[in-house]
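Participant: Shown below is the structure under consideration.
What follows is calculated from the coordinates using simple rules that are stated; it is not laboratory data. Because the structure is predicted, anything quoted here is derived from the model rather than measured. When we count neighbours, we look across all protein chains shown, and the Cβ atoms used for this are built from the backbone with ideal geometry, even at glycine.
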Amino acid sequence: MAPPPSALFVRNLRKAYDDVIAVDGLDLEVLPGECFGLLGPNGAGKTTTIEICEGLTPPDAGEVVVLGRRWGRDDIQLRELLGISLQETQFSEKLTVSETIQLFRSFYRSGPEPEAVIEMVQLQEKAGARVGQLSGGQKQRLALACALVGDPQLLFLDEPTTGLDPQSRRQLWDLIERFRSGGRSILLTTHYMEEAEHLCDRVAIVDHGRVIALGTPRELVASLRAEHVLEFAVSNTEQVDETALAALEGVCSASRRDGSYRLQVEELHLTMPALVAELRRQGAQLSELRTHSASLEDVFVTLTGRHLRDE
Amino acid sequence: MTNSGHGWYRHPLVQLTLVRYREFFREPEAVFWVFIFPILLTAGLGIAFRRTAPERTVVAVVSSAPGSERILQALGQDSSLKVEALGDSAAVDSLRSGRVALVVRPMASGEVEYEYDAERPEGRSTRLIVDAAVQRAGGQREVVQVRERKISERGSRYVDFVVPGLLGMNLMGSGIWGLGFAIVDARRKRLLKRLVATPMSRAQYLASFVLSRMTLLIIEVVLLLGFAMVAFGVPVRGSPLLLVVVCVLSSLAFTAIGLLIASRAKTVEGVSGLMNLVMLPMWIFSGVFFSASRFPDAIQPLIQILPLTAVVDALRATMLQGVGPSRLLPELAVIGGWLAVSFPLSLRLFRWR
């Protein structure tokens with residue numbers, strides 16, 4: 001095996017449910033100490049992939065090596081070494097936070113004291129509270145605590161912040177970053193591009209059960225060759241000439257979707273006046289105009305023509 | 001947590017069993033149905049069917065008829081009868097509605113006519129009582145001298161019959177409900193899946209249910225039997241050890257059946273339906289409230305292999321007749337059979353996700 005041994009190595013993974021192909025030849029490698037993100041829309045096969053890596057779902061085909069071990073052979077060892085947070089686990093509402101963490105701690109041979117884990121996820125004030133009384137963010141922190149009680153080498157987090165308000169999300173990000181700074185590896189799935197950009201060293205963009213792009217968030221965004229995205233709509237004309245738009249100064253590419261236009265732009269200050277002049281020439285009237293810095297979302301849109309979240 | 005440092009307290013089986021207790025005792029409804037409801041039911045049935053002085057049977061005498069005075073007087077001397085003088089049509093109406101058991105109609109000829117429903121046991125027995133009084137008043141003498149001794153035996157009352165039935169029903173309910181809901185709820189919440197993602201031993205998870213069931217069983221049995229003994233003097237004639245064996249084996253069998261029912265179901269609604277489907281025939285046929293022998297002979301073999309029938313029969317035989325273990329072998333075999341089939345089958349079918 002080539003050094004350095006990876007925390008997780010997945011090759012040509014396949015899984016189908018009935019007639020739906022969930023994972024379609026997916027490759028993946030998580031390096032030691034790395035936080036790796038699977039970014040993709042709902043139904044892209046992220047959860048199936050992570051559950052196969054967690055040893056909860058058997059794959060139809062493909063190779064999975066976790067911390068140099070394999071499911072079906074080293075299960076007992078692997079269970080001790082992994083920390084797992086599933087999507088949508090509801091812990092027993094009648095137990096307290098501290099009772100739940102004690103229960104999970106009792107399953108592992110070694111790991112931090114329950115009190116220390118409670119402190120790690122900042123739930124000290126809720127230690128004696130029933131799980132049923134926790135907020136969404138507190139429940140997610142409890143799920144993280146239950147993933148950390150065995151002092152894992154590799155942490156699997158499936159949609160760790162889905163449904164949380166921005167403040168709770170930031171708080172959870174801080175906790176995950178603190179765990180990563182301890183030198184352990186993380187594989188997380190998300191459909192929030194901000195989350196992938198904020199937390200992940202490398203990101204694999206997943207769609208229809210395959211990796212369609214891989215790299216650091218910076219590399220992926222740079223692959224667009226444009227730093228800005230300009231979107232606009234016009235009110236009075238049926239159609240604006242797209243080839244004319246693409247030829248404008250500073251524009252890398254132009255596309256149209258649902259009656260609104262999208263330009264990937266290198267230098268916004270050059271493109272803006274040129275766009276306004278061109279629209280005036282074509283007799284079109286601007287009804288909407290937006291610009292933003294290019295993000296992973298734009299990488300996904302460029303690759304698939306769809307958005308990560310359909311709003 | 002002052003005792004979190006103890007080794008035993010950190011053992012996963014202890015932690016899992018503690019979870020079972022916590023979930024149970026923090027659910028007031030569950031505590032009510034398992035502990036309080038059987039006692040209320042015992043109290044209710046014990047009071048409703050308590051032995052009181054037999055009610056007096058109501059008899060109507062048609063007052064317009066000649067000689068009715070004499071009949072009224074004769075019947076009035078019998079303390080088991082309550083006699084009413086009514087007009088003919090009122091008397092017939094009262095008979096039809098079942099308010100009176102028999103109408104006495106003196107005739108002009110000196111004969112007496114009894115009008116009653118010979119299909120009803122009450123009608124036939126009232127006829128005997130009334131006729132004896134009428135004949136005595138007419139001058140009949142007793143030919144054979146009789147003496148009477150009246151008894152009220154503990155163990156032959158309805159409350160004695162029903163308490164072992166309720167105990168069996170409770171063992172069934174708490175075994176099946178206690179397990180079914182908890183497991184299906186954990187599966188629905190994906191908690192089962194989360195648990196098998198840890199190094200937890202699956203056998204210990206299931207063992208925690210059995211362990212908590214066995215300890216709650218002690219409370220259940222002691223409360224119900226203790227109440228029945230103190231409040232109604234229900235006897236336990238057989239060996240207490242045998243009673244313990246019957247209760248433990250029964251509870252294990254019902255726990256295994258509960259596990260089987262819960263092995264696949266994904267929703268609480270689904271498992272409730274299944275549990276009711278399994279328990280309803282036993283509530284009706286297993287002789288909890290009345291003897292199972294009332295059902296036709298054709299379905300008796302089916303009734304006899306129901307686990308609750310065997311449990312209730314074994315409890316009655318132990319408590320009321322005080323029989324030894326050898327006489328209980330058929331029942332214990334049925335209960336053990338259910339355990340031996342359900343447990344391995346449920347482990348085989350069980351879905352952790």
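Participant: Place +1 on the Cβ of every Lys and Arg and -1 on the Cβ of every Asp and Glu in the protein assembly as shown, take the dipole about the Cα centre, and give the residue among A:Phe300, A:Leu39, B:Gln145 whose Cα lies farthest towards its positive end.
Facilitator: B:Gln145
Participant: Counting only DSSP beta bridges with both residues in chain B, tell me the antiparallel percent, nearest 5.
Facilitator: 35 percent
Participant: Hey, fewest Cβ within 10 Å first, where do B:Val143, B:Val184, B:Val248 land in order?
Facilitator: B:Val143, B:Val248, B:Val184
Participant: Check each of the trypsin sites (Lys or Arg not before Pro) in the stretch A:209-290 and keep only those in coil by DSSP with at most 16 other C-beta atoms within 10 angstrom; list them in order.
Facilitator: Counting only loop positions with at most 16 other Cβ atoms within 10 Å, the trypsin sites (Lys or Arg not before Pro) in the stretch A:209-290 are A:Arg225.
Participant: If contacts are Cα pairs under 8 angstrom and at least 6 residues apart, what is the relative contact order of the stretch A:8-218 in percent?
Facilitator: With pairs under 8 Å counted, the relative contact order is 32 percent.
Participant: In addition: Which of rounded, prolate, oblate describes the stretch A:225-293, given a ≥ b ≥ c as roots of the alpha-carbon gyration tensor eigenvalues and a/c under 1.5 marking rounded, otherwise prolate only if a/b is larger than b/c?
Facilitator: In terms of gyration-tensor shape, prolate.
Participant: Which semi-axis lengths, in whole Å and largest first, follow from the square roots of five times the eigenvalues of the Cα gyration tensor of the stretch B:79-128?
Facilitator: With the √(5λ) rule applied to the stretch B:79-128, the semi-axes are 17, 14, 11 Å.
Participant: Further question on the same structure: With a ≥ b ≥ c the root eigenvalues of the C-alpha gyration tensor of the stretch B:218-312, is it rounded (a/c under 1.5), prolate (a/b larger than b/c) or oblate?
Facilitator: oblate
Participant: Looking only at the stretch B:57-137, where both bridge partners belong to it, what percent of the DSSP beta bridges are antiparallel (to the nearest 5)?
Facilitator: If I count the DSSP bridges inside the stretch B:57-137, around 35 percent turn out antiparallel.
Participant: GNM, chain B, Cα, under 10 Å: largest mean-square fluctuation among B:Arg22, B:Arg327, B:Arg56?
Facilitator: Checking each option, the largest mean-square fluctuation is seen for B:Arg56.
Participant: Of the residues B:Arg294, B:Arg149, B:Arg190, which exhibits the maximal mean-square fluctuation in a Gaussian network model of chain B defined by a 10 Å Cα contact cut-off?
Facilitator: B:Arg149
Participant: Any idea what the dipole of the stretch A:8-218 comes to, in debye rounded to 20, about its Cα centre with Lys/Arg Cβ at +1 and Asp/Glu Cβ at -1?
Facilitator: Using only the charged Cβ atoms, the result is roughly 300 debye.
Participant: Could you tell me the relative contact order of the stretch A:225-293? Use alpha-carbon pairs under 8 Å, at least six residues apart, and round to a whole percent.
Facilitator: The normalised contact order for the stretch A:225-293 reaches 48 percent.
Participant: In Å, what is the Rg of the alpha-carbon atoms in the stretch A:8-218, and how long is Dmax?
Facilitator: That works out to 16.6, 48 Å for Rg and Dmax.
Participant: Please give the average number of partner chain Cβ atoms lying within 10 Å of the Cβ of each residue in B:187-194, rounded to a whole number.
Facilitator: 5
Participant: Just to confirm the filter: which trypsin sites (Lys or Arg not before Pro) across the stretch A:80-180 are DSSP coil and have at most 12 other Cβ within 10 angstrom of their Cβ?
Facilitator: For trypsin sites (Lys or Arg not before Pro) across the stretch A:80-180 that sit outside H, G, I, E and B with at most 12 neighbouring Cβ atoms in 10 Å, the list reads A:Arg109.
Participant: Then there is this: Of B:Val334, A:Ile176, A:Ala213, which is farthest on the positive side of the dipole of the protein assembly as shown, counting Cα position, with +1 on Lys and Arg Cβ, -1 on Asp and Glu Cβ, and the Cα centre as origin?
Facilitator: Selected residue: B:Val334.
Participant: Mind checking which lysines have their C-alpha under 25 Å from A:Lys94, skipping anything on the same chain fewer than 8 residues away?
Facilitator: Straight-line reach from A:Lys94, under 25 Å: A:Lys126, A:Lys139, B:Lys189, B:Lys193, B:Lys266.
Participant: Another one. In which sequence would A:His198, A:His307 go, from the one with the fewest C-beta neighbours within 10 Å to the one with the most?
Facilitator: Least crowded to most crowded, the residues run A:His307, A:His198.
Participant: With +1 on each Lys and Arg Cβ and -1 on each Asp and Glu Cβ, how big is the dipole of the protein assembly as shown about its Cα centre, in debye rounded to the nearest 20?
Facilitator: Computed about the Cα centre, the dipole is about 2920 debye.
Participant: Next question. Taking every DSSP beta bridge that has both residues in the protein assembly as shown, what percent is antiparallel when rounded to the nearest 5?
Facilitator: Counting only bridges with both partners in the protein assembly as shown, antiparallel ones make up about 60 percent.
Participant: Still on this model: For each of A:Cys146, B:Cys247, count neighbouring Cβ atoms within 10 Å of the residue's Cβ, then give the residues from fewest to most.
Facilitator: Going from least to most buried by this count: B:Cys247, A:Cys146.
Participant: For chain B, what are the DSSP H helices with axial Cα length of 15 Å or more and mean Kyte-Doolittle hydropathy of at least 0.5?
Facilitator: Helices meeting the span and hydropathy rule in chain B are B:37-48, B:158-188, B:202-232, B:240-261, B:268-285, B:329-349.
Participant: Just the projected area, averaged over all directions, of the convex hull on the alpha carbon atoms of the protein assembly as shown: how many nm²?
Facilitator: Its average projected convex-hull area is 48.7 nm².
Participant: Write out the chymotrypsin sites (Phe, Trp or Tyr not before Pro) in the stretch A:201-308 meeting two conditions: DSSP loop, and at most 12 other Cβ atoms within 10 Å of their Cβ.
Facilitator: Of the chymotrypsin sites (Phe, Trp or Tyr not before Pro), not one in the loops of the stretch A:201-308 has a Cβ with at most 12 other Cβ atoms within 10 Å.
Participant: I've got another one for you. So if I place +1 on the C-beta of Lys and Arg and -1 on the C-beta of Asp and Glu, and nothing else carries charge, what would the dipole magnitude of the stretch A:225-293 be about its Cα centre? I want it in debye, nearest 20.
Facilitator: Charge dipole of the stretch A:225-293: 80 debye, to the nearest 20.
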